[in-house]
Amino acid sequence: MQMSEELYIGVDVSKKWLDLAYYDGVDVDWKQGHIRVDNNQTGFNQIGKWLKKLGMTVNRVLFCMEYTGLYCQELREWLEREGIVYGMVNPRKMHRFEPDLGSDERALDRIKTDEMDSFRIAMYCEKHSRKIKSQPSHLPAPAYFKLKRLLVERRQYVTCSALYKGQLHDCCAYDSDGSVMRKKETLKSLKEHIRHTEEEMLHVIAEDGAIKRNFDLLRSITGIGIVVATETIILTENFTAITNPRRYACYVGIAPAKRESGDSVRGGNHVSRKGFTQAKADLSVVSLHCINRDPNIKAYWQRKKAEGKHSGVVLNAIKFKIVLRMFAVIKRQKPFVEIDAFRK
């Protein structure tokens, strides 16, 4: 087939290999438009040879792939070294995407293989090419990946420690002295691991000036600790991927949304269950702390409860207030100031 001026490359990423397919915006080459390579440097070199065989230069191709964590990191590094523009897509958006194909084309909505997924991603890339070109993806700082792994490690220790705390709290007559002693020793070890992990997180943060500056600004807000501050920096890629507080509220699932069709209204506004539930839960802990420690938040809580508002609704509004505070201190690049205390 004759190559067009620009090709859209869809990449389906897995741990061991990569499936790539191209689409020119008009025709789909189902037989020759797909290759599979290893997910390593040898495979990346094969991609370069494949592009040359197609007669494509780096400024005439546009890559697109789904977020797959660490599996796509090396490929992203290679693309940036080669100067190739690419875009990262939320898998949920890709799963809802249905290409506009003819009746004689393959049924991508019924066939689920890595090869077909790569063609689907290529078509998505063509449809959203203007947005990808205007807002291309870039790898964040190396500290971002270290913090992400350390935060996951800390959560694992916290989960295990909560399990052992529950077992020690519910000790019964059938638990031997040796069993209780082992549980206490394990719990003590887990607490040490949590402390060491937090120390390493602070060390990684201190090595990156931009992250350290925003981390300190977030910590100046009442109730924001090391976990929420680090988590927010990771989710927003240090406030470069997400710069709007309302968009972040939608991402973590604290923004109320309507559900209606015609004259059918399914209750009032509700928050989505598709948000990042861990961040939402962490913001709940911060909100409860602010209700007890922050005068403004406490007065707001009491006023809304006196008006008869549901506790969950008020708590969700407080979460959004905290999100607004986080983005405000980053935008001003100044620590949080309690307005009432400042006025006094």
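Given the conditions (1) at pLDDT 65 or above; (2) more than 26 Å from residue 151 (Cα to Cα); (3) open to solvent by less than 50 Å² (accessible area, probe 1.4 Å); (4) not hydrophobic (A, V, I, L, M, F, W, C), report the number of the one that residue 256 does not fulfil.
It fails just one condition, (3).
Yes or no: residue 152 more than 30 Å from residue 132 (Cα to Cα) and either open to solvent by less than 70 Å² (accessible area, probe 1.4 Å) or of a type in the set (Asp, Glu) (or both)?
So residue 152 fails the test.
Could you please tell me which pairs satisfy a Cβ distance under 9 Å, a separation of 6+ or placement on different chains, a first residue in segment 55-68 that is within 15 Å of residue 97 (Cβ to Cβ), and a second residue that is of a type in the set (D, E, K, R) and in a strand (DSSP E or B)?
Close Cβ pairs satisfying both conditions: 65/12; 66/12.
Run residue 272 past the list (1) of a type in the set (Ser, Thr, Tyr); (2) buried (at least 16 other Cβ atoms within 10 Å of the Cβ); (3) more than 22 Å from residue 227 (Cβ to Cβ); (4) at pLDDT below 90 and report the number of the one that doesn't hold.
With (1) of a type in the set (Ser, Thr, Tyr); (2) buried (at least 16 other Cβ atoms within 10 Å of the Cβ); (3) more than 22 Å from residue 227 (Cβ to Cβ); (4) at pLDDT below 90 applied to residue 272, the lone miss is (2).
So which residues in segment 275-330 are without any contact (Cβ under 8 Å) to a residue 40 or more places away in the chain, crowded, with 16+ Cβ neighbours inside 10 Å and not in a helix (DSSP H, G or I), if there are any at all?
The one that is without any contact (Cβ under 8 Å) to a residue 40 or more places away in the chain, crowded, with 16+ Cβ neighbours inside 10 Å and not in a helix (DSSP H, G or I): 275.
Among the residues of segment 118-132, which ones are of a type outside the set (S, T, N, Q), in a helix (DSSP H, G or I) and out of contact with any helix residue (DSSP H, G or I) (no Cβ under 8 Å at 6 or more places or on another chain)?
Scanning segment 118-132 gives 119, 122, 123, 126, 127, 130, 131.
Go through (1) over 16 Å from residue 115 (Cβ atoms); (2) under 23 Å from the mean Cα position of the chain (by Cα); (3) of a type in the set (A, V, I, L, M, F, W, C); (4) not in a strand (DSSP E or B) and name the single condition residue 56 misses.
(2)
Does segment 28-53 hold any residues that are in contact (Cβ under 8 Å) with a residue 12 or more places away in the chain, open to solvent by 90 Å² or more (accessible area, probe 1.4 Å) and either more than 15 Å from residue 116 (Cβ to Cβ) or assigned to a loop (DSSP other than H, G, I, E, B) (or both), and which are they?
Matches in segment 28-53: 32 only.
For segment 84-94, what are the residues that are open to solvent by 50 Å² or more (accessible area, probe 1.4 Å) and either acidic (Asp, Glu) or touching a helix residue (DSSP H, G or I) at 6+ places or on another chain (Cβ under 9 Å) (or both)?
Listed by number, the residues that qualify are 85, 93.
Could you tell me how many of the residues in segment 185-206 are in contact (Cβ under 8 Å) with a residue 12 or more places away in the chain and closer than 14 Å to residue 230 by Cβ?
Result for segment 185-206: 8.
Within segment 331-344, restricting attention to residues that are touching a residue at least 40 places away in the same chain (Cβ under 8 Å) and within 21 Å of residue 235 (Cβ to Cβ), which residue is least open to solvent (accessible area, probe 1.4 Å)?
Out of the qualifying residues, it is 336.
The values are calculated or read from the model by the stated rules, or taken from the named source; none is laboratory data. Keep in mind that this is a model prediction, so the values were computed, not measured. Cβ coordinates were reconstructed from backbone atoms using ideal geometry, including for glycine residues, and neighbour counts include every protein chain displayed. For accessibility, only protein heavy atoms count, side chains too; no ligands or nucleic acids. Shrake-Rupley method; radii C 1.70, N 1.55, O 1.52, S 1.80 Å.
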